[in-house]
1. What do you reckon, is residue 102 assigned to a helix (DSSP H, G or I) and modelled with pLDDT of 90 or more?
2. Give just the number: which of (1) assigned to a helix (DSSP H, G or I); (2) at pLDDT 90 or above; (3) more than 23 Å from residue 142 (Cα to Cα) does residue 57 not satisfy?
3. Could you tell me whether residue 20 is at pLDDT 90 or above and loosely packed, with under 15 Cβ neighbours inside 10 Å?
4. Does the range 73-83 contain any residue that is outside any loop (DSSP other than H, G, I, E, B), surrounded by 16 or more Cβ atoms within 10 Å (Cβ to Cβ) and modelled with pLDDT of 65 or more?
5. I'd like to check something: does the range 29-44 contain any residue that is assigned to a helix (DSSP H, G or I), out of contact with any helix residue (DSSP H, G or I) (no Cβ under 9 Å at 6 or more places or on another chain) and modelled with pLDDT under 90?
């Protein structure tokens, strides 16, 4: 064996000895990724509630505009402060979207809470807002009759 060949042989032996843990670790491949878990079957309840809430909020906005076009003014203190006495779409839409998003986020927080009571009643804030917007939207219909007379 010539001297360069012998040195190459020693270098190869040293490399095997030095890097054998790294080679062994390279053979231990990680497990294949697990398939993504399917969406929770209960999510449809949440999204149905959010959709109904958005629809009822839109109903309240439409009836508010109809009542406003017939001469009615906003009398509730908080909406009057935020949207003025005669709410327009440019003021109602962003606030309505913010209200829907905040209620949805609160529902998700309650649904994922560690408190069993919060997990059980996650739907109550959205359901109460749905009921209140439906009541106020129906009230808007009765405030101004189609003849244009406002009470």
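The values are calculated or read from the model by the stated rules, or taken from the named source; none is laboratory data. If you're wondering where the values come from, they're calculated on a predicted model, not measured in any experiment. With ideal geometry, Cβ positions are generated from the backbone for all residues, glycine too; neighbour counts draw on all protein chains shown.
1. yes
2. Evaluating residue 57 over (1) assigned to a helix (DSSP H, G or I); (2) at pLDDT 90 or above; (3) more than 23 Å from residue 142 (Cα to Cα) leaves (3) as the failure.
3. no
4. There is at least one residue in the range 73-83 that is outside any loop (DSSP other than H, G, I, E, B), surrounded by 16 or more Cβ atoms within 10 Å (Cβ to Cβ) and modelled with pLDDT of 65 or more.
5. yes
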